[in-house]
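Enquirer: Here it is: the structure, laid out below.
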Number of protein chains: 2
Amino acid sequence: MDDKKITPRAEDYSQWYLDIVEKAELAENSAVRGCMVIKPYGYALWENFQKVLDGKFKELGHVNAYFPLLIPKSFLTKEAKHVEGFAQETAVVTHYRLKTDPVTREVIVDPEAKLEEELVIRPTSETIIYDTYSNWIKSYRDLPLLINQWANVLRWEMRTRPFLRTAEFLWQEGHTVHATLEEAEEEAIQMLKVYQWFAEEYLAIPVIPGQKSESEKFAGALRTYTIEAMMQDGKALQAGTSHNLGDNFAKAFDIKFLDKDETEKYAWQTSWGLSTRMIGALIMTHSDDKGLVVPPKIAPTQIVIVPIWKDDSQKELVLAEAKKLKEQFAGFSVKLDDRDYNTPGEKFYQWEKKGVPLRVEIGPKDIEKNQVVFVRRDSGEKSFIPMSEVSSQAKSTLDNIQSSLYEKAKAFRDSRVYEVNSYEELKDVVENKNGFALAYWDDSAENEAKIKEETKATIRCIPFEQNGVSGKSIISGNETNHRVIFAKAY
Amino acid sequence: MDDKKITPRAEDYSQWYLDIVEKAELAENSAVRGCMVIKPYGYALWENFQKVLDGKFKELGHVNAYFPLLIPKSFLTKEAKHVEGFAQETAVVTHYRLKTDPVTREVIVDPEAKLEEELVIRPTSETIIYDTYSNWIKSYRDLPLLINQWANVLRWEMRTRPFLRTAEFLWQEGHTVHATLEEAEEEAIQMLKVYQWFAEEYLAIPVIPGQKSESEKFAGALRTYTIEAMMQDGKALQAGTSHNLGDNFAKAFDIKFLDKDETEKYAWQTSWGLSTRMIGALIMTHSDDKGLVVPPKIAPTQIVIVPIWKDDSQKELVLAEAKKLKEQFAGFSVKLDDRDYNTPGEKFYQWEKKGVPLRVEIGPKDIEKNQVVFVRRDSGEKSFIPMSEVSSQAKSTLDNIQSSLYEKAKAFRDSRVYEVNSYEELKDVVENKNGFALAYWDDSAENEAKIKEETKATIRCIPFEQNGVSGKSIISGNETNHRVIFAKAY
């Protein structure tokens, strides 16, 4: 067993994150630059994310489909801003065959198998999907078209970090088409609210929903909506985005329909996505110096039973009781750790690192007393539970852990959101106080860029919730009725 | 609405297949050569496949994980036979950036962003996964390692057909590691049996399980097992394969473990996969000249209710009753087609093309008589069902459709399997009788290749089930105790 400790957050936050990813066995770097291997425990989290989101998407009328991994280079260029946003980071397929070099006997790219038009690996699928949609949509009866895709995408990144920024990542991307701009707007907002619901209800991550500034919006969108979370170092993480694409792509890909009034119109579109990046947000919201902390509602294992014995006769008795105990936890995701080559102490340590919400210990003395020991991962709190109450107490304990994690994260976040009324105050917040600066803003993109350059802080969003009081934009002094969030971000 | 008819099988089998794919709205070609778009109805089938298979894999102790899409070229070459098998059909990534040409203003591949080592898009993941495994496996305690991946893969194909042969396809690939050859063999056989169970129990496709010949086995495997199905034109379709990889890849990727006896040993491996190709098998096993036929246990929609009305007052009454009726089908996947711009006849026609197993019609007269009409997709049989029995009758009808489809496919298959005792007889079967030729075989790979060249028939498998009688191999005359299946194949 590997005994390297997890680096404390206070010592090196960035290394702490990498240590959690490693020690909780979530992911690791692969031999391919920037591409991670998602290990079974990390993938089990993603599967739980998928289950919740996919269920909700379908409840709201969406269906899944699958579109090609490869996109003709020319498609990417059809929407001018879109290609600008993605050209710099696309992997390009230029050939379709390898061969053995007749001289060196080495395997080389066959120069004769060069593609006429290069293909890029999808960095996102608007272009390839909308090319298809242009054939599918003829009439208002074909609308709304509500499709989602679960897929891998690839964006070549120079500096990568598991989950947070990887070349290849997994996500879902919704792509809908509507008869009116209003309907597209409604859909974009609805899906942002789904992301907020998922983040808060399941991941126990409080988020601030709002709109992106013009500089920060999606390449090709009319408006981008986002949910922004605060990590434990006070930096922001964009946890999901939803775009009202207007008719930008409809015009680029000729998506038109015959409306009820018998006139032909361009359609209105949205796209929205949430990725494995969210696992990074989960880690950085709840985990501590002992390891990962996973909210019960999304945990691959909610309860781990650790049986305790000293010798073989005890072992038999305890394991028999532990198996009966396991049956009492029907309906929960529960694991009985019956390995006999690890001590209970080693097991505690391992499951703690993996963030299992509730540990249940059972030994000969507990059996005598007709009780078990509950240990909460979030607080470390230990309690003795009568055998007759284990099931109901497990439920209430897990519910309590779920809400405690949310409340704790929210209290932390709220304590780090500062209203600022000048650029100096803004700087102080993002540079010294490690938090979100809420500043009045009605200013130029140039000033926004200047702040980014000087402080590394960007406008994370213009929160939907505003208090209705107006004030002066912190650089231009223009009067405005909204504050925006400036923060450093992942 | 598009009124082009489905080409009858007798007229052009190949076009019939393409028509079904189109008319049932399963998939379509994309702008990228050989890559298909899987439409919502086709993808819903795949989701049902996934649900059943994923559940079974997990029940047997497997967990899911995710490995990189891209593989360094050098990895592919580590196992000599493996690269030989896949080099000809890999898409190669050579660059990681596009840029705007300063002169022409066109978007071009940035020559400065050339990769030092080319990456190929995974045609299958043995190499990238086993490179990772070599770090994970240290001790016998790490074994068995039972991992599955759901992923897209890409094999450049010159002649493509939706589902059956596409450049990009979706699949699952299991990759397991064991302490002994015997355990690996057991796993490979177990997973083949899972595929057989899935094909027969869910897809109602009878299959013949057996072993591949040396010429036909997976590139890098010790032994390949397969399930072979017969399509309606008598051709074979390989519906799933499971490989005992021996220690070939363990040696190539240095996967060793310290065994209980304290000596270091190479590990033993298996891999097994089933892909979207299986949707092609499903189509070609059950469908008819009217469209797709889907077995109830895998159908995205099991029951469609078509309400029938003549005027608005009838409409209101009938829709109200149809909604009540829908509630009686709780537990089934049911759709109420309440569109008012299609006639009932148009709806019948559409759902027939999509292969929904059971159509339920309800009109004013039925309501008067307190009954509904059931129409089976497989037989076209029509029956009047008292309202009080709709739920129980739906269950028994769907069960009956499921078993009828299997029996019908099996009877067809059995009628086309011929024991042959000479090469002439073999030729007659594959060339004139359009079936499987069961021939004694203990012969050279050269003779196998000769038969392939002369008749296009290949050895589909050496069936596990043999009758114990021996005979003379059809070309060499060698005495042998097994017959093999020769057939043309997809």
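The values are calculated or read from the model by the stated rules, or taken from the named source; none is laboratory data. Source: prediction; values computed, not measured. Every residue, glycine as well, gets a Cβ built from its backbone with ideal geometry; the counts of neighbours run over all protein chains shown. Heavy atoms of the whole protein, side chains included, go into the accessibility calculation; ligands, DNA and RNA do not. Shrake-Rupley method; radii C 1.70, N 1.55, O 1.52, S 1.80 Å.
Enquirer: Not counting ligands, DNA or RNA, and with a 1.4 Å probe, what is B:Arg9's accessible surface area in Å² rounded to the nearest 10?
Expert: Approximately 70 Å² for this residue.
Enquirer: While we're here: Beyond 21 Å between alpha-carbons counts as too far, so tell me which of A:Lys39/A:Lys488; A:Lys81/B:Lys99; A:Lys251/B:Lys39; A:Lys56/A:Lys193; B:Lys73/B:Lys251; B:Lys310/B:Lys369 fall in that bin. All intermediate terms of the calculation are to be shown ahead of the outcome.
Expert: Working: A:Lys39/A:Lys488 29 Å; A:Lys81/B:Lys99 13 Å; A:Lys251/B:Lys39 23 Å; A:Lys56/A:Lys193 11 Å; B:Lys73/B:Lys251 18 Å; B:Lys310/B:Lys369 18 Å.
With Cα atoms farther than 21 Å apart: A:Lys39/A:Lys488; A:Lys251/B:Lys39.
Enquirer: Largest first and in whole Å, what are the equivalent-ellipsoid semi-axes of the stretch A:310-440 based on the Cα gyration tensor, each being the root of 5 times an eigenvalue?
Expert: Numbers: eigenvalues 397, 51, 22 Å².
For the stretch A:310-440, the semi-axes come out at 45, 16, 10 Å.
Enquirer: Enter the buried accessible area of the A/B pair, total of both sides, probe 1.4 Å, in Å² rounded to the nearest 100.
Expert: Values: alone 22660 and 22670 Å², together 40220 Å².
Heavy-atom accessible area buried at this interface is about 5100 Å².
Enquirer: Given the options A:Leu317, A:Thr397, A:Phe384, identify the residue whose Cα lies farthest towards the positive end of the charge dipole of the stretch A:303-397 (+1 on Cβ of Lys, Arg; -1 on Cβ of Asp, Glu).
Expert: A:Thr397
Enquirer: Nearest 10 degrees, 0 to 90: what angle lies between the long axis of helix B:40-59 and the longest principal axis of chain B (Cα atoms)?
Expert: Once rounded, one gets 60 degrees.
Enquirer: With the crude spin-label approximation of a point 7 Å out along Cα→Cβ, what separation in nm comes out for A:Asp233 versus A:Lys450?
Expert: With each label point 7 Å from Cα toward Cβ, the separation is 2.8 nm.
Enquirer: In addition: Quick one: label points 7 angstrom along Cα→Cβ at B:Asp428, distances to the other copies in nm, smallest first?
Expert: The projected label point of B:Asp428 is separated from its counterparts by 9.9 nm.
Enquirer: Would you mind working out the magnitude of the charge dipole of the stretch A:235-363 relative to its Cα centre, with +1 at each Lys and Arg C-beta and -1 at each Asp and Glu C-beta, to the nearest 20 Debye? All intermediate terms of the calculation are to be shown ahead of the outcome.
Expert: Numbers: 19 positive and 19 negative charges, 45 e Å.
That gives a dipole near 220 debye.
Enquirer: What size of dipole, in debye to the nearest 20, comes out for chain A about its Cα centre when the only charges are +1 on Lys and Arg C-beta atoms and -1 on Asp and Glu C-beta atoms? Working shown, then result.
Expert: Numbers: 65 positive and 78 negative charges, 193 e Å.
For this selection, approximately 920 debye.
Enquirer: If you don't mind, another one. From a point 7 Å beyond the Cα of B:Ser422 in the direction of its Cβ, which residues of the stretch B:450-478 have a backbone N at a distance under 18 Å?
Expert: From the stretch B:450-478, the list is B:451, B:455, B:471-478.
Enquirer: In Å², and per residue, what accessible area does the protein assembly as shown have when probed at 1.4 Å with the other protein chains present? Mind dumping the intermediate values first?
Expert: On the way: 40220 Å² over 980 residues.
With the other protein chains kept in place, the protein assembly as shown gives 41 Å² per residue.
Enquirer: Calculate, for B:Ala10 and B:Asn342, the FRET efficiency according to 1/(1 + (r/R0)^6) with r their C-beta to C-beta distance and R0 35 Å; round to the nearest 0.05.
Expert: Working: r = 30 Å, r/R0 = 0.85.
Approximately 0.70, to the nearest 0.05.
Enquirer: With the cut-off at 18 Å, tell me which of the pairs B:Lys51/B:Lys290; B:Lys326/B:Lys395; A:Lys290/A:Lys382 have Cα atoms farther apart than that.
Expert: Details: B:Lys51/B:Lys290 28 Å; B:Lys326/B:Lys395 14 Å; A:Lys290/A:Lys382 16 Å.
From the list (B:Lys51/B:Lys290; B:Lys326/B:Lys395; A:Lys290/A:Lys382), the Cα-Cα distance tops 18 Å for B:Lys51/B:Lys290.
Enquirer: Hey, another quick one. Hey, which aspartates and glutamates would be in cross-link range of A:Lys456, C-alpha to C-alpha under 17 Å, not counting anything within fewer than 8 residues on its own chain?
Expert: A:Glu216, A:Glu228, A:Asp233, A:Glu424, A:Glu425, A:Asp428, A:Glu431, A:Glu446, A:Glu448
Enquirer: Which listed residue (A:Val107, B:Thr343, A:Ala167) has the Cα farthest towards the positive end of the charge dipole for the protein assembly as shown, taking +1 on Lys and Arg C-beta and -1 on Asp and Glu C-beta about the Cα centre?
Expert: Ranked along the dipole, the leading option is B:Thr343.
Enquirer: Using DSSP to define loop residues, name the chymotrypsin sites (Phe, Trp or Tyr not before Pro) in the stretch B:320-394 whose beta-carbon has at most 16 other beta-carbon atoms within 10 Å. Can you show the working numbers first?
Expert: Values: sites: B:Phe329, B:Phe332, B:Tyr341, B:Phe348, B:Tyr349, B:Trp351, B:Phe374, B:Phe384; in loops: B:Phe329, B:Phe332, B:Tyr341.
Loop-located and lightly packed - B:Tyr341.
Enquirer: Can you send over the solvent-accessible area of A:Asp366, 1.4 Å probe, protein chains only, in Å² to the nearest 10?
Expert: Number for this one is 20 Å².
Enquirer: Continuing with this model, one more query. One decimal, nm, shortest first: give the distances between the label point of A:Ser396 and those of the same position in the other copies, each label point 7 Å from Cα along Cα→Cβ.
Expert: A:Ser396 label point versus its equivalents elsewhere: 5.0 nm.
Enquirer: Ok, one more. If I compute solvent accessible area with a 1.4 Å probe over the protein chains, what percent of it on the protein assembly as shown is carbon and sulfur? If you can, show how the numbers build up before the last one.
Expert: Numbers: 18740 of 40220 Å².
That share works out to 47 percent.
Enquirer: Treating only the Cβ of Lys, Arg, Asp and Glu as charged (+1, +1, -1, -1), what charge dipole size does the stretch B:419-487 show about its Cα centre? Round to the nearest 20 debye. Please report the intermediate quantities before stating the final value.
Expert: Numbers: 8 positive and 13 negative charges, 36 e Å.
Rounded to the nearest 20 debye, it is 180 debye.
Enquirer: Within the stretch A:114-157, list the residues whose amide N lies under 14 Å from a label point set 7 Å along Cα→Cβ of A:Asp261.
Expert: Label zone hits: none.
Enquirer: What is the angle, in °, between the Cα long axis of helix A:13-23 and the longest principal axis of the Cα atoms in chain A? Nearest 10 is fine, range 0 to 90.
Expert: 60
Enquirer: Among B:Ser287, B:Thr301, B:Tyr418, whose Cα lies farthest out toward the positive end of the dipole of the protein assembly as shown, if unit charges sit on the beta carbon of Lys, Arg (+1) and Asp, Glu (-1)?
Expert: B:Thr301
Enquirer: P(r) tail for chain B, what percent of Cα pairs lie past 29 Å?
Expert: 58
Enquirer: Between their Cα atoms, which of A:Lys297/B:Lys138; B:Lys78/B:Lys212; B:Lys353/B:Lys427; A:Lys4/A:Lys452; A:Lys78/A:Lys138 are more than 27 Å away from each other? Numbers along the way, then the final one.
Expert: On the way: A:Lys297/B:Lys138 34 Å; B:Lys78/B:Lys212 24 Å; B:Lys353/B:Lys427 36 Å; A:Lys4/A:Lys452 38 Å; A:Lys78/A:Lys138 21 Å.
From A:Lys297/B:Lys138; B:Lys78/B:Lys212; B:Lys353/B:Lys427; A:Lys4/A:Lys452; A:Lys78/A:Lys138, over 27 Å: A:Lys297/B:Lys138; B:Lys353/B:Lys427; A:Lys4/A:Lys452.
Enquirer: Which residues of the stretch A:36-75 end up with at least 30 Å² less accessible area in the presence of all protein chains than when their chain stands alone, using a 1.4 Å probe?
Expert: Correct list: A:Val37, A:Ile38, A:Pro40, A:Tyr43, A:Glu47, A:Asn64, A:Ala65, A:Tyr66, A:Pro68, A:Leu69, A:Leu70, A:Lys73.
Enquirer: Run the 1.4 Å probe and let me know the accessible area of A:Lys410, rounded to the nearest 10 Å².
Expert: Approximately 60 Å² for this residue.
Enquirer: Please express the Cα-Cα pair-distance distribution P(r) of the stretch B:293-378 as a list of whole percents, one per 5 Å bin, running from 0 to the bin with the greatest distance.
Expert: With a bin width of 5 Å, the distribution comes to 3, 15, 28, 25, 18, 9, 2, 0.
Enquirer: With N denoting the number of residues in the protein assembly as shown, provide Rg(C-alpha) divided by 2.2 N^0.38 Å, to two decimal places. Each step should come with its number before you reach the end.
Expert: Numbers: Rg = 30.4 Å, N = 980, 2.2 N^0.38 = 30.1 Å.
My calculation over the Cα atoms of the protein assembly as shown gives 1.01.
Enquirer: Another question, if that's okay. When the helix-only estimate is applied to chain B (DSSP H runs of n ≥ 4, each -39,500 (n - 2.57), divided by the residue count), what is the mean residue ellipticity at 222 nm, nearest 500 deg cm²/dmol?
Expert: -10000 deg cm²/dmol
Enquirer: Under the convention of a label 7 Å out along Cα→Cβ, give the distances in nm from A:Gly61 to the same position in every other copy, shortest first.
Expert: Label-point distances to the other copies, shortest first: 4.8 nm.
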